[in-house]
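Report on the following structure.
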Amino acid sequence: MCGIVGAIANHDVTASLVDGLRKLEYRGYDSAGVALLNGGKLERRRAVGKVQNLANVIEATPVQGVVGIAHTRWATHGQPTEANAHPHVSSNIAVVHNGIIENYATLRDELKGNGYVFTSDTDTEVIAHLVHSLLAAENISLLRAVQRASRILHGAYGMVIIDQKHPDQLVVARSGSPLVIGHGEGENYVASDPLALAEHTSQFTYLEEGDVAKVTTTKIDIYNDRGEHVLRDQARDTEFNAAVSKGEYRHFMLKEIYEQPSVVQRILEGRIGANGLLPEAFDAKTVELFKTIENITIIACGTSYHAGLVARYWIEELAGIPCNVEIASEFRYRKIAPPKNAMLLTISQSGETADTLAGLRVALDRGFVSSLTICNVPGSSLVRESDAAFMTRAGTEVGVASTKAFTAQLVSLLLVTLQLAKTRGYSQAQEVELCNDLHKLPAILSDALSMAAGIEHLSAEFIHKQHALFLGRGVQYPVAMEGALKLKEISYIHAEAYAAGELKHGPLALIDEDMPVIAVAPNDELLDKLKSNLEEVRARGGELFVFKDKNADFTDGEGITLMDVPHVSDVMSPLVYNIPLQLLSYYVALIKGTDVDQPRNLAKSVTVE
């Protein structure tokens, strides 16, 4: 979602702020800005569009400072305009903010009644005026004013505030939107994503829910939601510099697609051996939790939701545990009657997805006995607040359209399924067979990537298409859903997925020569039924593109294009068939000339409702 960068040092931090914003461009945004303090003077620069536009403004009207904040905005309140761009100011106060202030309208009216003039349509400007009003009313510190404001504000926010009357500090507050402090020598930093600080530090402190912190050049003081001074653990992370380089690839998305074999290898290291799961794969506490549960409910959003849909097939088939999968934004508001001894399993790449996090927080009140998260970020809210966590080890993913994170989630969910199955009588022979398949998976994914040239050639067939239909059966139906999502995300082609057996119940009415139909066809027990469904398409003049098992018997001919996919076991098939669909979406977007890594209107980490 929106990006925050803050810095305090004994030298000009303007370049560091702009550089940090560039590293957060992948998150999605529509405007950018900076505010700096130097010699007791507060200056601000803002621009609509890309960070380069802001850099051009700063070059035309230079600004510098030893204390500063910066922001990339993804619009929630008000249009993408310079007036609505962050930072927002109130006299001597400047603020940047991620999230949504739910009671902003009431506060806005109150502040207007007290003489404050609003120059934007945003909810964020309320924060600046509120903090200013608290400082004006009482002789209190900036830290104290922000603590009081935090109790008045309702909603989700991560915010950083500077004050020209307190030029030796940044004050930050977190409630529902992530913030991290980067530690330096004689300088310190704040960001919504540690990736923004990769050039300056590898030492980070992740703020917890309700924390407010005062940051100076030499000291960091953190207070919890009760106002108590607390110490938070420091974490070291050095992976970010490699992540922000495209290397030999044209786009981050393509790089991350090709990283998937190595990501799978990394997930499996130290977790499976020649004969099955290693004891280190899950800690004793998690294993005990697995023994007691009788039902599982998975909640997630977007791509992670599709991973959960695949996992339902595995969990019910291999472990014999009833599994329900829900969209987190619906789950959190639905009146739920959880089944007996149910575990809530959350899936999130960032660990900060707002709806998923809210779903976790309400689950225990609704009768769930335990919680597990599948996540990529060790210090994230979902990891801290869940009973157990399984880390995906995907590394930083820059492309907005998730690729390697999806594959990492699937492999992680399969390992979770295997551990669940072991607690319910899964035989040693079955475990060995599954682990053998997992050991082979990186090589098979590499083989699937060799389809790229053929898929690039195929993509020309989609250049003038406005709609597409994806089909799959069984466990391939969620794969088709993910393929449709990728195509719509980055090529802006309207794409939908259906279980192939549903064609005759409505979607068949859409079929004509202008509606390409993409099908995933592994050589499994449902293949013959899928073939029948595809014949229904051909009979109505539809154009078919079939990604099939190389050993599957298909009849070539007019109106059908066949692409051979490496043979793979049924359990592994979702992981392999996802690869050509990712490549298809990439090459179609490339030929249509869209912004592959930063598709319009989308954000990488959705931390607002």
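The values are calculated or read from the model by the stated rules, or taken from the named source; none is laboratory data. Values in this document were obtained by computation on a predicted structure and should not be read as measured data. Cβ coordinates were reconstructed from backbone atoms using ideal geometry, including for glycine residues, and neighbour counts include every protein chain displayed.
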Out of all the residues in segment 160-170, is one or more part of a loop (DSSP other than H, G, I, E, B), farther than 24 Å from N92 by Cβ and of a type outside the set (D, E, K, R)? no
Pick from I181, I161, I140, I152: which is aliphatic (A, V, I, L, M), assigned by TED's automatic domain parsing to the domain that holds R232, surrounded by fewer than 24 Cβ atoms within 10 Å (Cβ to Cβ) and within 33 Å of the chain's Cα centre (by Cα)? I152
Close pairs (6 angstrom Cβ cut-off, 6 or more residues apart or separate chains): more than 21 Å from V398 (Cβ to Cβ) in segment 1-25, small (G, A, S) and part of a loop (DSSP other than H, G, I, E, B) anywhere: N10/G186
Checked against (1) in a helix (DSSP H, G or I); (2) crowded, with 20+ Cβ neighbours inside 10 Å, V432 satisfies every condition except (2)
The lone condition G210 fails out of (1) surrounded by 18 or more Cβ atoms within 10 Å (Cβ to Cβ); (2) touching an Asp or Glu at 6+ places or on another chain (Cβ under 6 Å); (3) assigned to a loop (DSSP other than H, G, I, E, B) is (1)
Please find, within segment 181-203, the residue that is farthest from I220 (Cα to Cα) out of those that are modelled with pLDDT of 90 or more and part of a strand (DSSP E or B). A191
Looking at segment 422-443, is at least one residue farther than 17 Å from Q265 by Cα and in contact with a Pro (Cβ under 7 Å, 6 or more places away or on another chain)? no
In segment 283-391, which strands (runs of 3 or more DSSP E) lie fully inside it and hold 3 or more residues that are more than 20 Å from I267 (Cβ to Cβ)? 295-300, 323-327, 342-348
Among the residues of segment 462-495, how many are in contact with a His (Cβ under 8 Å, 6 or more places away or on another chain) and free of Cβ contacts under 8 Å to residues at least 60 places away in the same chain? 6
Would you mind stating whether I444 is more than 16 Å from S585 (Cα to Cα) and either under 27 Å from the mean Cα position of the chain (by Cα) or modelled with pLDDT of 95 or more (or both)? yes
List every residue pair whose Cβ atoms sit under 7 Å apart, with the two residues 6 or more apart in sequence or on different chains, where the first one lies in segment 84-110 and is in contact (Cβ under 8 Å) with a residue 40 or more places away in the chain and the second, anywhere, is among the aromatic types (F, W, Y) and crowded, with 21+ Cβ neighbours inside 10 Å. H97/Y157; N98/Y157; G99/Y157; I101/Y157
Kindly establish whether N114 is buried (at least 20 other Cβ atoms within 10 Å of the Cβ) and touching a residue at least 12 places away in the same chain (Cβ under 8 Å). no
If you take the residues of segment 485-542 that are buried (at least 22 other Cβ atoms within 10 Å of the Cβ) and β-branched (V, I, T), which of them is modelled with the lowest pLDDT? V537
Kindly indicate whether D193 is closer than 29 Å to T356 by Cβ and assigned by TED's automatic domain parsing to the domain that holds G20. yes
Matching entry among E352, E330 (being within 14 Å of the chain's Cα centre (by Cα) and of a type in the set (D, E, K, R)): E352
Give the residues of segment 100-119 that are of a type outside the set (A, V, I, L, M, F, W, C) and closer than 16 Å to R151 by Cβ, sorted by residue number. E102, N103, Y104, T106, E110
Checking T286 against (1) in contact with a Leu (Cβ under 6 Å, 6 or more places away or on another chain); (2) β-branched (V, I, T); (3) within 29 Å of R332 (Cβ to Cβ), the condition it does not meet: (1)
Conditions: (1) of a type in the set (D, E, K, R); (2) surrounded by fewer than 19 Cβ atoms within 10 Å (Cβ to Cβ); (3) not in a loop (DSSP other than H, G, I, E, B). K548 meets all but one. Number of the miss? (2)
When you go through (1) touching a Leu at 6+ places or on another chain (Cβ under 9 Å); (2) part of a helix (DSSP H, G or I) one by one for A497, which number turns out not to apply? (2)
Of (1) touching a residue at least 40 places away in the same chain (Cβ under 8 Å); (2) crowded, with 21+ Cβ neighbours inside 10 Å; (3) hydroxyl-bearing (S, T, Y), S459 satisfies all except one. Which? (2)
